[in-house]
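Asks: Can you keep this structure in mind? I'll have questions shortly.
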Amino acid sequence: GEAGVAALEQGVRERGVKGFEISSYREQRYINDPVYRPFLAKCVELNIPVRITVGVHLLSDRPYDYAHPKYIDELAIAFPDLRIVSGLGGYPWIPDMVAIAGRHRNVYIDFACRRVKYMLSPGAGYEALIYYGARGLQDKIIFGSGWGTSMVPLVQLVAETDDLPLKADVRAKWMGGNAARALGL
């Protein structure tokens, strides 16, 4: 409600908060739930991004599609100036997420908590992200380690990204340049 939106504004103005996060599985709401709309409008006003968990979750006590990429499309249409970071890549709907990122200038994709060595495995489902992310979407892909979830040292996760079939300039974008732009740094 209003108190939450006020707390978001206070966090940005007084504490240096750089963004807002929606985790529909944790909150047990669809990512396009109307309850988020005032927060998203405030993010636009404050010029901060929102990171929204996108993709299926393994919890079997709630709907599997809380965080389907089609809802990112809906939010990007409703809030064209909102910078949206689609967290966790959108698996198993990677082609949908890639298409939606291509449709909207302010939609990014991070692949946090996804080990590169598994993303590169044949049939893993990340082919579209890697292919288009190295080409037309090279300004939209963001590395996120997820080291706290995977319990793999950050230095190892970063080293694994050397295996990505990326040119040096594209890798630099994925590994920091795109995140800096999404965060407005």
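Asks: With +1 on the Cβ of every Lys and Arg and -1 on the Cβ of every Asp and Glu, and nothing else charged, how large is the dipole of the chain about its Cα centre, in debye rounded to the nearest 20? Intermediate results must be reported in sequence, preceding the final value.
Replies: Working: 22 positive and 20 negative charges, 66 e Å.
For this selection, approximately 320 debye.
Asks: How far, in nm, would the chain grow between Ala41 and Ala168 when pulled straight, counting 0.36 nm per residue and subtracting the alpha carbon separation?
Replies: Full extension of this stretch gives 42.1 nm more.
Asks: Further question on the same structure: Label-point separation (nm) for Thr161 and Arg13, each offset 7 Å from Cα along Cα-to-Cβ?
Replies: Distance between label points: 3.5 nm.
Asks: Using Cα pairs under 8 angstrom and six or more residues apart, how large is the relative contact order of region 65-127, in percent?
Replies: Working: 71 pairs, mean separation 21.2, N = 63.
Relative CO of region 65-127 lands at 34 percent.
Asks: On C-alpha positions alone, give me the angle between the axis of helix 94-103 and the longest principal axis of the chain, in degrees, nearest 10.
Replies: 60
Asks: Then there is this: Return the long-range amide H neighbours of Trp93 (sequence gap of 5 or more, or a different chain), with a cut-off of under 5 Å between placed amide H atoms.
Replies: Val56
Asks: Distance between Cα centroids, region 15-72 to region 129-147: provide it in whole Å.
Replies: If we compute the Cα centre of each part, the gap is 20 Å.
Asks: Phe20's amide H: which non-local residues (gap 5+, or another chain) put their own amide H closer than 5 Å, with H modeled 1.01 Å from N in plane and none for Pro or chain starts?
Replies: Result for Phe20 returns Val50, Arg51.
Asks: When you count, for each residue, the other Cβ atoms within 10 Å and take the mean per peptide, how do 124-137, 82-95, 2-15 rank with the highest first? Can you show the working numbers first?
Replies: Numbers: 124-137: 17.5, 82-95: 22.6, 2-15: 12.1.
Ranking the peptides 124-137, 82-95, 2-15 by packing returns 82-95, 124-137, 2-15.
Asks: Let me ask you something else. Go through 144-153, 40-49 and give me the packing order, highest mean Cβ count within 10 Å leading. The partial results should precede the final answer.
Replies: Numbers: 144-153: 14.2, 40-49: 17.2.
Those peptides, ordered most packed to least, come out 40-49, 144-153.
Asks: Next up: If you count, for each residue, the other Cβ atoms within 10 Å and average over each peptide, how do 103-116, 60-73, 159-172 line up from highest to lowest? Walk me through the numbers before you get to the answer.
Replies: Numbers: 103-116: 20.2, 60-73: 17.4, 159-172: 13.3.
Top to bottom by mean Cβ count within 10 Å: 103-116, 60-73, 159-172.
Asks: Using a Förster radius of 35 Å, what is the FRET efficiency between Tyr131 and Asp61 based on their Cβ-Cβ separation? Nearest 0.05, please.
Replies: Working: r = 35 Å, r/R0 = 1.00.
Efficiency at R0 = 35 Å is approximately 0.50.
Any read-out appearing in this document is the output of simple, stated calculations on the displayed coordinates, not a laboratory observation. Because the structure is a prediction, the values reported are computed rather than measured. Counting neighbours? That spans all protein chains shown, and the Cβs are built from the backbone with ideal geometry, glycine included.
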